[in-house]
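Read through the structure below, which is laid out as structure tokens, and then see the notes.
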Amino acid sequence: MQEEIHHHYILHKPYGYLSQFINNQNKRKNKKLLGELYHFADGTMAIGRLDETSEGLLLLTTDGKISHHFTSHKVEKEYYVEVDGLITEEAISDLEKGVSINIYGKSYNTKPCNVDIVDNLKKYPIEQRKVRDERHGPTSWISITLTEGKFRQVRKMTAAVGFPTLRLVRVRIGSIKLNLEVGKVNKVTSF
């Protein structure tokens, strides 16, 4: 019996793209899809998702077992998050301990996570892009590392401590780090 050959990709998902290949929503006809960035093998699926306004590291594969591994609670995901205002030590401490957020109408307490102030955005190839005018006040960047990934979780977490997310960039999944320019794809033999 011949072993099935799978395809694996690492992508720096740009802002404004859906993490899918087919738009099956009638209301959102003119959305940008991943297939516009690269010719992926048939059956390729995104491992986890980044919503349309999020950017950064996205893994793709044709192997469902690998997809299951990376979406499990065993694998850390790290996000660089630009928040509204100068974040406080108290807010960082609250995020680290876990906060109560709403997921699909139900209250959910997030698991403890690691949160740090980001002082070097050049560590990863993050697009230099302003999300608003300086007149609206200062912003700050933090790193949030967690092992779960509920619906819009990071955005809900920062809002819960009074610092809404302005930008969200996934920079690491497990040991795989974001090292591609925006919109670029790397085909790899394995993860």
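Okay, helix-only estimate at 222 nm for the chain: each DSSP H run of n ≥ 4 adds -39500 (n - 2.57), divide by all residues, round to 500 deg cm²/dmol; what do you get?
Mean residue ellipticity, 222 nm, calculated: -3500 deg cm²/dmol.
Rounded to two decimals, what ratio of Rg to Rh does segment 77-173 give with C-alpha atoms and a Kirkwood Rh?
So for segment 77-173, dividing Rg by the Kirkwood Rh gives 0.95.
Return the sequence-ordered ³J(HN,Hα) values of segment 30-36 in whole Hz as given by the Karplus equation 6.51 cos²θ - 1.76 cosθ + 1.60 applied to θ = phi - 60°, using x for Gly and Pro.
After applying 6.51 cos²θ - 1.76 cosθ + 1.60, I find 9, 7, 7, 10, 4, x, 6 Hz.
Let me check against my output: what whole-number percent is the relative contact order of segment 11-124, with C-alpha pairs under 8 Å and at least 6 apart?
So the answer I get is 19 percent.
Segment 29-62 to segment 85-101: how many Å between their Cα centroids?
What the calculation gives is 31 Å, centre to centre.
How far apart, in nanometres, would the label points at Glu96 and Lys177 be if each is projected 7 angstrom from Cα along the Cα-to-Cβ direction?
2.2
How big is the chain by the Kirkwood estimate over distinct Cα pairs, in Å?
Every distinct Cα pair counted, the radius reaches 17.6 Å.
Can you give the local net charge around Asn186? Use residues other than it whose beta-carbon is closer than 14 angstrom to its beta-carbon, Lys and Arg +1, Asp and Glu -1.
+3
With an 8 Å Cα cut-off and a minimum separation of 6 or more residues, compute the relative contact order for the chain in percent.
Computed value for the chain: 32 percent relative contact order.
If you add up the charges near Pro164, with Lys and Arg at +1 and Asp and Glu at -1, over every other residue whose beta carbon is less than 9 angstrom from its beta carbon, what do you get?
In short, 0.
Coordinate-derived values only; no laboratory data. This structure is a prediction, so every number in the text was calculated from the model and none was measured. Virtual Cβ from ideal backbone geometry, glycine too; neighbours counted across all protein chains shown.
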